[in-house]
Amino acid sequence: MATYCEISCCSPAVALLCSFLLGFGDSCFNTQIYSIVGVMYPDKSGAAFSLFKFSQSLSAAIGFFYSSHLLMKWQLLILVVTGTAGSIAFTTVEWRLHTETPYQALHNQEDESK
């Protein structure tokens with residue numbers, strides 16, 4: 001009979017490939033977000049970038065905190081829910097940015113914040 005590790009553990013090559021793909025996807029995602037933030041906030045780019053990095057770091061800290069308290073299935077559920085919500089939000093902003101001119105997008109955003 002096979003042990004748990006023989007069934008569930010993957011080879012080091014597969015683990016390295018998955019690590020590379022996760023890192024590559026993360027770098028592509030961050031590059032796109034930086035370009036969107038730079039286009040949407042040309043006058044306040046410093047504040048926008050620092051707010052983005054603050055929220056990203058806060059999310060990482062929260063993730064590190066709950067990782068030692070929750071089971072893996074709940075951690076994966078949180079990852080799937082927040083990843084899906086983030087992808088939907090990113091697609092919405094990207095679509096809005098490409099369908100409107102940058103001036104219209106900024107003007108509409110200022111009107112919504114009032």
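Of note:
- Residue in the range 91-100 that is within 19 Å of GLY25 (Cβ to Cβ) and at pLDDT 90 or above present: no
- If you check SER68, SER55, SER35, SER27 for being modelled with pLDDT under 90 and open to solvent by less than 70 Å² (accessible area, probe 1.4 Å), only one passes: SER35.
The values are calculated or read from the model by the stated rules, or taken from the named source; none is laboratory data. Because the structure is a prediction, the values reported are computed rather than measured. All Cβ positions, even for glycine, are placed from backbone atoms using ideal geometry, and neighbour counts span all protein chains on display. Please note that ligands, DNA and RNA were not included when accessible areas were found on the heavy atoms of the full protein model with its side chains. Shrake-Rupley method; radii C 1.70, N 1.55, O 1.52, S 1.80 Å.
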